1. Residue pairs, Cβ under 6 Å, 6 or more apart or interchain, first in the stretch 323-346 and crowded, with 23+ Cβ neighbours inside 10 Å, second assigned to a loop (DSSP other than H, G, I, E, B) and among the aromatic types (Phe, Trp, Tyr). List them.
2. Name the pairs: first residue in the stretch 277-288 and free of Cβ contacts under 8 Å to residues at least 24 places away in the same chain, second residue open to solvent by less than 50 Å² (accessible area, probe 1.4 Å) and in a helix (DSSP H, G or I), Cβ to Cβ under 8 Å, at least 6 apart or on different chains?
3. Within the stretch 25-43, take every residue that is open to solvent by less than 20 Å² (accessible area, probe 1.4 Å) and more than 18 Å from Arg120 (Cβ to Cβ) and give me the one that is modelled with the lowest pLDDT.
4. Restricting attention to the stretch 253-269, which residues are open to solvent by 40 Å² or more (accessible area, probe 1.4 Å) and not in a helix (DSSP H, G or I)?
5. Among the residues of the stretch 270-329, how many are assigned to a helix (DSSP H, G or I), under 21 Å from Thr227 (Cβ atoms) and not small (Gly, Ala, Ser)?
6. Are any residues in the stretch 87-139 over 12 Å from Leu185 (Cα atoms), of a type in the set (Gly, Ala, Ser) and outside any helix (DSSP H, G or I), and if so, which ones?
7. Looking at Gly310, Gly250, Gly240 in this structure, which one is open to solvent by less than 50 Å² (accessible area, probe 1.4 Å), over 30 Å from Phe170 (Cβ atoms) and modelled with pLDDT of 80 or more?
8. Exactly one condition in (1) of a type outside the set (Ser, Thr, Tyr); (2) assigned to a helix (DSSP H, G or I); (3) within 26 Å of the chain's Cα centre (by Cα) is not met by Gly346; state its number.
Amino acid sequence: MEAVPLRARAYVACAVLAALVCLLPLPATHAPWWVVALLAALYAGCKRLAPRQLAGPFYPVLLAAVFLLPPPAAACVPLPGALLARTGQRPEALRRLWRAAQLALAVWAAARTHWELGGRDAVVASDFPYALLPAAVAVLVFCLVLSALDGGVRALTERVGALRASRELFARSLAPVAVHGLAGLMMAVLWRSRYGPVAALLVLLPMYVTWWAYAQYHRERAAHQATIRALVQAVDIKDGYTRGHSERVGQASVLIARELGMADERVEVLRFAGILHDVGKLGVPTRLLRKDGPLTPEERRVIELHPEYGHEMVRGISFLDEARAAILHHHERLDGSGYPYGLSGGQIPECARVVAVADAFDAMTSTRSYRRARPVGAALAELERCAGAQFDPRMVTALTRAVDRHGWRPSVTADPAPPPPRTPATPPVPPPAADDQDDRTPQHSQHPQPPHPASPGPEAESEAEAGSEPGRRRARR
């Protein structure tokens, strides 16, 4: 229960109470209880036998109950299946209660709408096409209630706008629920016909093909997640002092994308892009990432190849799509002085401009062993100072608004090391530049050399340029 905010638990409690209120007239309801028991057993059996990902595709059974039963009786049908099915996520009991209450409310609202529109009589009399109208309205209400309730949960747990979350969920689920509603109506009509319940159950056979395809999609999605986790873990092992940086860049990219109003599919792509933006470090020799001393110009050029290495590594992973462009171009700058190709302005893909801001923001707000984290306000101010030259002002503004609304709680990527001892004659070490630039570059050594043309300027630079912290400590000493 500790992982669920208190306000979300209160929201679930309210939903459970509302569902109980809907069930209060049950003792006085005249309903064919054997039909209620059969549909409830069918729904519970499908839920029990199917993979966890197939929670929704058994809606034809619930919608058949909507078209066949009075509202309180119909609301009972999803309860056994929702309360007995394993969620696979903690807290288990709370999630089961939430799912049961959510489905009971949606089924009750849809059944009440169908009943008020005279749909039950139309189903009994097989009055077509009139039976389609109340059924369509009931399916619409069912989808609206589910989306609104889920949107409320997302607003409380993920701190997104409730209206926008509900709208996105409704738009994404309306078409599948409408198909399931048609199957549910066919079940109800056949159930009331002379062919009886056995014929009605045959409607579920073609739906099984849909459920199977749905399960295949989720297995593929799980494989995608496993691939990304493996790549990120490999980067963390090779460059351990930035552990956790990739995940936080993914989170910041999601904040920016949602603030810009991007669709959920693009938000997910940008999350992948943020997580994998430094995967090209796997192609950089470990001795350079951990070098204890200044980098030569040639070594810096090798490190600056990591976006191209990353792009090549994920080229064959089809589901990444737009994320590949962000991996390749997240070090480009609006003024054209970035790398690897020196793109400028609108030539830089939008996803890369999002990840560039998220990358720099986390670099400045994360504690490293060679310096303390900057306050969030100072990091945002630095990003705004560099907007237009290095960063896209739209992305900076979106991140600022998102952080103001939702906050930002960065975690520590490495345990801070104690500062090196200094004698009174030693001048104080100035705070690190906002660009988080590599202190091992030739311009910081005792023998300055001309920087690489694509080297970062004095503005805010991402952590990916930072090299290893042993070199930073030596440079500062």
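The values are calculated or read from the model by the stated rules, or taken from the named source; none is laboratory data. Here the structure is a predicted model, which means the values were calculated and not measured. Note: ideal-geometry Cβ built from the backbone for every residue, glycine included; neighbour counts use all protein chains shown. With ligands, DNA and RNA removed, areas are computed over all heavy atoms of the protein, side chains included. Shrake-Rupley method; radii C 1.70, N 1.55, O 1.52, S 1.80 Å.
1. His331/Tyr339
2. The qualifying pairs are Pro285/Val302.
3. Filtering the stretch 25-43 for residues that are open to solvent by less than 20 Å² (accessible area, probe 1.4 Å) and more than 18 Å from Arg120 (Cβ to Cβ), the one modelled with the lowest pLDDT comes out as Tyr43.
4. Matches in the stretch 253-269: Leu260, Gly261, Ala263.
5. Filtering the stretch 270-329 for residues assigned to a helix (DSSP H, G or I) gives 270-276, 279-283, 286-289, 297-303, 306-313, 318-320, 322-329.
If we keep only those that are under 21 Å from Thr227 (Cβ atoms) as well, we get 270-276, 279-283, 306-313, 318-320, 322-328.
Retained after the next criterion (residues that are not small (Gly, Ala, Ser)): 270-272, 275-276, 279, 281-282, 306-309, 311-313, 319-320, 322, 324, 327-328.
Going through the stretch 270-329 one residue at a time, the tally reaches 21.
6. Gly88, Gly118, Ala125
7. The conditions single out Gly310.
8. Failed condition: (3).
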